[in-house]
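The values are calculated or read from the model by the stated rules, or taken from the named source; none is laboratory data. Values in this document were obtained by computation on a predicted structure and should not be read as measured data. Every residue, glycine as well, gets a Cβ built from its backbone with ideal geometry; the counts of neighbours run over all protein chains shown.
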Amino acid sequence: MSTVALDVAAVRARFSALRTPTALFDGPGGTQVPDEVIDAISTYLRESNANVSGPYESSRRTEALVEEARATAGRFLGCSPDEVAFGANMSTLNFALTRTAGRKWRAGDEILVTKLDHDANVSPWLELAHDRDLVVRFVDINDDTTLDLDDLERQLSDRTRVVAFPLASNAVGTKTDAKRIVELARAAGALSWADAVHYGPHGPIDAAELGVDVLICSPYKFFGPHLGLAYGRRELLESWRPYKVRPAANEPLGHRFETGTLPHELLAGFVAAVGYIESIGWDAIQAHERELGERFLAGLPESCTLYGLPTMDGRVATFAFNVDGHGARETATKLGDRGFAVWQGNYYAMEVMQRLGLPEGAVRAGIVHYNTADEVDRLLAELETL
């Protein structure tokens, strides 16, 4: 475990949005952004707002920004800047890329998804299967919410084209053994397709080290603006025929999969968000989150039922639970009225909740590095009173 200390007061001073009495445990639905992200967006709109390819200064500044954003994305994801693509959000990108990937697949080809997945890495495959007569199979989870790798291995066949999976569950916080999943997929001749949306604010991503073929995430989950970001392995992107307008350039490689004009001001915010994370460092972020997560787990009242791993090993600090005698919505509403922002329901992780037998879902408290020990203690105390 890292011993790098995080100065949480100094961190919070960089977020005007945290100057509120409400304790924000809603990070899994979208984190707050530091002021430098807001400033980068507004500065671009004031000083450089233009489309690319113009023979004048503001257009040239925009072109330089796009190039910087690709370089930043490559650094953040551990890949070449040419292997990244931006989009409106993860879901939109995934619908586009899944349809691109499946252009040449045949009826009866198979796709594996998991019961840990957010629906943005399930429904695009279901819709593709509907249109092209493919088969989608669900890999089960164990009772402790870890992915059943034996079930994954059993379901692989010579018809499997893709294994889609999350790096971490947005519902119960469980991490997956991404390298092992990639190995199994590759051995079966299938693509590995990772959803890194929920994991994004919790730790470093290295697409090359993981060996994944495609990885998609959302900057608004890691202290940036509403935007989607995807990585695709170079050889794979080169083999795909993109859906694009004819005049759009084919280089850089990832650009072929970006439809329309990019939201340049949001790219400026994205660059600032990554710079913010780098200024703190993953060691400090992960050590602080683990400490707060352990604090939450140790203090969770007996009246609360936790769904997921009981320690911080194998998970991120995202917790799904219910309070005895109270529905999830009732609990979340009471907490909201008392100054705690938490979520309730299935958070688009439908299969997890069905597997756990929770038709109304659960309460979700998500900890990120700008949360404090005092906020955790106050939440636990409030849960005791419900």
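For Arg154, the conditions (1) farther than 24 Å from Glu291 by Cβ; (2) free of Cβ contacts under 8 Å to residues at least 24 places away in the same chain; (3) surrounded by 23 or more Cβ atoms within 10 Å (Cβ to Cβ) are fulfilled apart from (3).
From the list Pro28, Pro81, which one is buried (at least 16 other Cβ atoms within 10 Å of the Cβ), in contact with a Lys or Arg (Cβ under 8 Å, 6 or more places away or on another chain) and under 23 Å from Ala120 (Cβ atoms)?
Pro28
Of the residues making up the range 247-292, those that are of a type in the set (Val, Ile, Thr), touching a helix residue (DSSP H, G or I) at 6+ places or on another chain (Cβ under 9 Å) and farther than 14 Å from Asp7 by Cα number 3. Against the numbered list (1) within 21 Å of Gly366 (Cα to Cα); (2) out of contact with any Leu (no Cβ under 7 Å at 6 or more places or on another chain), Thr145 comes up short only at (2). Comparison of Thr146, Thr98, Thr174 shows that the only residue that is farther than 21 Å from Gly29 by Cβ and either out of contact with any helix residue (DSSP H, G or I) (no Cβ under 6 Å at 6 or more places or on another chain) or among the charged types (D, E, K, R) (or both) is Thr146. Taking the range 157-189 as the range and being over 30 Å from Gln286 (Cβ atoms), of a type in the set (S, T, N, Q) and crowded, with 20+ Cβ neighbours inside 10 Å as the test, only Thr160 passes.
Against the numbered list (1) more than 26 Å from Phe76 (Cβ to Cβ); (2) in contact (Cβ under 8 Å) with a residue 40 or more places away in the chain, Tyr348 comes up short only at (1).
Filtering Ala194, Ala171 for residues that are under 24 Å from Gly361 (Cβ atoms) and either touching a residue at least 24 places away in the same chain (Cβ under 8 Å) or in a loop (DSSP other than H, G, I, E, B) (or both) leaves a single hit, Ala171.
Within the range 291-308, being within 24 Å of the chain's Cα centre (by Cα) and hydroxyl-bearing (Ser, Thr, Tyr) holds for one residue alone: Tyr307. For the range 232-288, residues that are among the small types (Gly, Ala, Ser), at pLDDT 95 or above and either in contact with a Cys (Cβ under 7 Å, 6 or more places away or on another chain) or not in a helix (DSSP H, G or I) (or both) total 2.
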